[in-house]
Amino acid sequence: AVAARGCQRSTVLHLHRESERERLRRPPFYLGLVSCRLLLSSQHHGVITSRHLRSFTMSDMREDNVFMSRLAEQAERYDDMVVYMRRVAEMGMPLDVDERNLLSVAYKNSVGACRQARRIMLANERSIPPEMLAEVQGYRQRVEDELTAKCKEVLGIISNYLIPGATDPEAQVFYYKMAGDYYRYLSEYREGADKAEDIEGAKTSYTQASAAAEQLEAIHPTRLGLALNFSVFYYEVLGDQQQAKELARKSYDDAVPLLTEEYRDSGSILSLIKDNLGHWSTSDGMPQDGTMVEEM
């Protein structure tokens, strides 16, 4: 026990003696891993104090979580990715473009898995034996409860941390659009007053995003992503097919003449908008369940 305690003290002293230049040479995850070991050890040996913890800056913690988020993405561990990026967002500092995208990818995949699971369960309920129906419906309800919790979590992060700190138009469009998306996901299965609230939340968020998007070029990928998802909302949720087509068509026509190699990402979004317009033009007018309509 004495030897272990001495070892931990030497580790702490080593960290304090490191020069700033040496510390910056460490890979981002190094201090995070060391700090975790020290904290775990302190539970048994009482070595770490608040004075020691002050050596680990907010910047170190942010870098560690971003690094781990990228690792989780590569490993396709999206629920873990959510945890890391939620920590970064809740630090209260503005996210850069890369961090915004990591946050979006994390929640989109985590929530997307629940949405897909719910759709599969709902489709299979038609062929479930009557004696199993109640159990299957209960299982679907648990998935929906999990989906609701995840959507409300990200909506809380957006409203409490991200939108208040967004000063440039691109970030504002990104976050308002993101809020509109998660309200729309909730509206897919909730009923009554909850559904009405979700629809209103989605419409308000998309409208606020559209107002901020006026400051972006028509070819800007963030503006086009908003047009794509807002038109899907009009078509699927509000059932306003004409408005959906007009929004998609105008966005497409305004952007195509501006398309250059610089806006390669915009080209893929324009292809999705064009696909939707083609689908809507040949459909029988019945609402879709979301699987046939492509979105960002």
Original post:
Which pairs do you get when a residue that is farther than 15 Å from TYR175 by Cβ and at pLDDT 95 or above, found in segment 77-99, comes within reach of a residue that is in a helix (DSSP H, G or I) and among the acidic types (Asp, Glu), reach meaning Cβ atoms under 7 angstrom, with the pair 6+ apart or on two chains?
Top reply: MET81/GLU73
**OP:** Just need a number here: residues in segment 144-160 that are open to solvent by 70 Å² or more (accessible area, probe 1.4 Å) and either hydrophobic (A, V, I, L, M, F, W, C) or within 17 Å of GLN208 (Cα to Cα) (or both).
**Re:** 1
Subject >> Residue pairs meeting the criteria (Cβ under 9 Å; at least 6 apart or on separate chains; first within 12 Å of ARG86 (Cβ to Cβ), in segment 137-162; second of a type in the set (Lys, Arg) and open to solvent by 40 Å² or more (accessible area, probe 1.4 Å)) >> reply: GLU153/ARG86; VAL154/ARG86; ILE157/ARG86
Subject >> Candidate set: segment 169-217, residues that are within 19 Å of the chain's Cα centre (by Cα) and of a type in the set (D, E, K, R); chosen: the one most open to solvent (accessible area, probe 1.4 Å) >> reply: LYS203
Original post:
Identify, please: which residue in segment 105-128 is open to solvent by 60 Å² or more (accessible area, probe 1.4 Å) and over 18 Å from the mean Cα position of the chain (by Cα) and is, among those, modelled with the lowest pLDDT?
Top reply: ARG126
**OP:** Mind checking which helices (runs of 4 or more DSSP H) fall wholly inside segment 166-284 and carry at least 2 residues that are closer than 24 Å to SER110 by Cα?
**Re:** 169-187, 192-213, 221-232, 264-282
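The values are calculated or read from the model by the stated rules, or taken from the named source; none is laboratory data. This structure is a prediction, so every number in the text was calculated from the model and none was measured. Using ideal geometry, Cβ is built from the backbone for each residue, glycine included, and neighbour counts are taken over all protein chains shown. These accessible areas exclude ligands, DNA and RNA; they are computed on the full protein's heavy atoms, side chains included. Shrake-Rupley method; radii C 1.70, N 1.55, O 1.52, S 1.80 Å.
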